[in-house]
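As structure tokens, the structure follows; a few thoughts come after it.
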Amino acid sequence: MDKDFLPSGWGSVAVHAGHQQDPKYAHLVPIYASSTFVFDEAEQGMRRFSGKEEGYIYSRWGNPTFTEAENKIAALESFGIMENSSPLQVKGILHASGMAAITTLLLSNLKAGDKILTHYSLYGGTEEIITKVLPPLGITAIITDLRDLNKAEEAIKKDKAIRMLYIETPANPTIQCVDIEALSKLAKQYGLIAAADNTFATPYLQQPFRFGIDFIIHSTTKFLNGHGTAIGGILLGRDVEFMKTKAYTMAKTLGGNANPFDAFLLINGMKTLELRMDRHCHNAMEVAKYLSAHIAIAKVNYTGLPEHPDHSTAMKQMRHPGAMLSFELKSGLQGGIDFMNKLKMCVRTVSLGTCDTLLSHPASMTHYSVPKEEKIKYGITDGLIRMNVGIENIQDIIADLEQALN
Ligand SMILES: Cc1ncc(COP(=O)(O)O)c(C=O)c1O
């Protein structure tokens, strides 16, 4: 795309942003499967190491295939957002996984004595790092219900050691949402760093930078890749200087770098994000309506339904409530197991963000060994089923659910 052509449509940005003309005129970015990069002469090596000349040195530090993916996601997360009358500048660092991106975020911003304010229902790996891995390093977490802004402010006022607000919205598996704009404002007011996990929504449905968030992380493993072909993650920040210095140093020394093949898969997956999400979202709404009317179902958690407690929060900050939902079977644990076993087209697995419909039963799978009281705290009942609604034809998804429910 010519540098002076500014596309006005989200889908055009998803297709073209981040791409640079290949020196050998390949149409698509090549997979730069090279651990290291050569210097024309020793002086060039010196200039690159000293930062006087831009250029690649070693793939743990950066690679042209990563750069295209980083720039594409940065363009999508900042699309249409202005800051001080100029388009928002954002820098991304691609990682081996969502967890690697979260680790860089936390360790480049926090030190011993600092605290993180966050909410229940985080992704399990994020909760584990915050509550088990970081405390021996002197970084601890306060977990509260951040849907209640008074509780959030009370917690911040009570503890001067809180340095970061960390949110995930919508969150696992009850699809709870928190108010990004109100919480970002609170973070600004009290001098906190605000970070958001935007994995479930994707930048097509929700742009946390628009609401004042400082850092965004994604598990690109999910909807951004879109086909379940690679694990990956990204950390994006609106403080470009911080991203180029502290965050970059942390990322390259921790060594959780991406690899060129996975970056290539991610780049190509993202080109169809708008198309896929429109279909995912349309199907999810239809499934939510179908399940809500089914006699075997006690409850449907989908923010597109007006009765969901976070419906208005979701609609305020999201283009559409998304592709993830969960529902409770009246028949409990055994009913959940039986239902899962009867599925014929929809797939029994964890994870999300793929073209096919995926279902998991937390009580017999991801949360099998979690004590019952803990499960209840997180809204995980015995009959709860989590669903990533895919892009198959809607009549087939509903037919499969129907035969498994009846
Ligand atoms: C919301 C969310 N954030 C982060 C992660 C971690 O990402 P990864 O598995 O790519 O490390 C996941 C993984 O499922 C997730 O669902």
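Bear in mind these aren't lab numbers, they're just calculated from the coordinates by the rules spelled out. These numbers were taken from a predicted model, which means no experiment stands behind them. All Cβ positions, even for glycine, are placed from backbone atoms using ideal geometry, and neighbour counts span all protein chains on display.
Take peptides 211-221, 367-377, 101-111 and line them up by average Cβ neighbours within 10 Å, highest first, as a rough protection proxy.
Details: 211-221: 25.9, 367-377: 11.7, 101-111: 22.5.
Taking the mean over residues of other Cβ atoms within 10 Å, the ranking is 211-221, 101-111, 367-377.
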query: Which of T245, T313, T202 moves most in a GNM of the chain, Cα contacts under 10 Å?
result: T245
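Could you compute the net charge surrounding T245? Neighbours are other residues with a C-beta less than 12 Å from the C-beta of T245; K and R count +1, D and E count -1.
Details: positive: K91, K244, K246, K252; negative: D239, E241.
Residues close to T245 contribute a combined charge of +2.
By the scheme Lys and Arg +1, Asp and Glu -1, what is the net charge of all other residues having a beta-carbon under 9 Å from that of A404?
Values: positive: K342, K344; negative: D338, D400, E402.
Residues near A404 contribute -1 overall.
For each pair in K289/K372; K91/K132; K111/K246; K52/K244, compute the distance between the two Cα atoms and list the pairs where it is over 18 Å.
Working: K289/K372 29 Å; K91/K132 29 Å; K111/K246 13 Å; K52/K244 14 Å.
Long pairs (Cα-Cα over 18 Å): K289/K372; K91/K132.
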- request: Using Cα centres only, tell me the gap between region 160-236 and region 305-333 in whole Å.
  value: 18 Å
query: Helix 332-342: angle to the longest alpha-carbon principal axis of the chain, degrees 0 to 90, nearest 10?
result: 70 degrees
message: Given 20 °C and 1.002 mPa s, compute D for the chain with the Stokes-Einstein relation, Rh being the Kirkwood radius over Cα pairs; round to the nearest whole µm²/s.
response: 97 µm²/s
field: Distance between modelled label sites at L343 and T253, nm, 7 Å Cα→Cβ extension
entry: 4.3 nm
query: By how many degrees, between 0 and 90 and to the nearest 10, does the Cα long axis of helix 260-270 differ from the longest principal axis of the chain?
result: 60 degrees
task: Please compute the net charge surrounding D356, taking Lys and Arg as +1 and Asp and Glu as -1 over other residues with Cβ under 15 Å from its Cβ.
output: +3
- request: Quickly estimate the mean residue ellipticity at 222 nm for the chain, helices only: each DSSP H run with n ≥ 4 gives -39500 (n - 2.57), and the total goes over all residues, rounded to 500.
  value: -10500 deg cm²/dmol
field: Ranked by how many other beta carbons lie within 10 Å on average, peptides 175-187, 115-127 from highest
entry: 175-187, 115-127
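How big is D for region 83-216, in µm² s⁻¹ as a whole number, if Stokes-Einstein is applied with the Kirkwood radius of its Cα pairs at 37 °C and 0.692 mPa s?
Working: Rh = 15.2 Å.
This corresponds to a translational diffusion coefficient of 217 µm²/s.
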- request: Give the cross-link partners of K157 among the aspartates and glutamates, using a straight C-alpha distance below 18 Å as the criterion and excluding same-chain residues fewer than 8 apart.
  value: D114, D145, D148
- request: Give the cross-link partners of K271 among the lysines, using a straight C-alpha distance below 18 Å as the criterion and excluding same-chain residues fewer than 8 apart.
  value: K72, K222
- prompt: Any idea how far the Cα center of region 69-148 sits from the one of region 343-393, in Å?
  reply: 24 Å
message: Using only Cα atoms and rounding to the nearest 10 degrees, what angle (0 to 90) does helix 64-78 make with the longest principal axis of the chain?
response: 60 degrees
message: Spelling out what I want: for every residue of region 183-190, take phi, set θ = phi - 60°, compute 6.51 cos²θ - 1.76 cosθ + 1.60 (Karplus), and round to whole Hz; glycine and proline get x.
response: 6, 4, 4, 4, 4, 4, 4, 9
message: I'd like to compare 256-266, 80-90, 188-198: which one has the highest average count of other Cβ atoms within 10 Å, and what's the full order after that?
response: 256-266, 188-198, 80-90
message: Just to be sure I understand the model, the point goes 7 Å from the Cα along the line to the Cβ. What's the resulting I142 to K160 distance in nm?
response: 1.3 nm
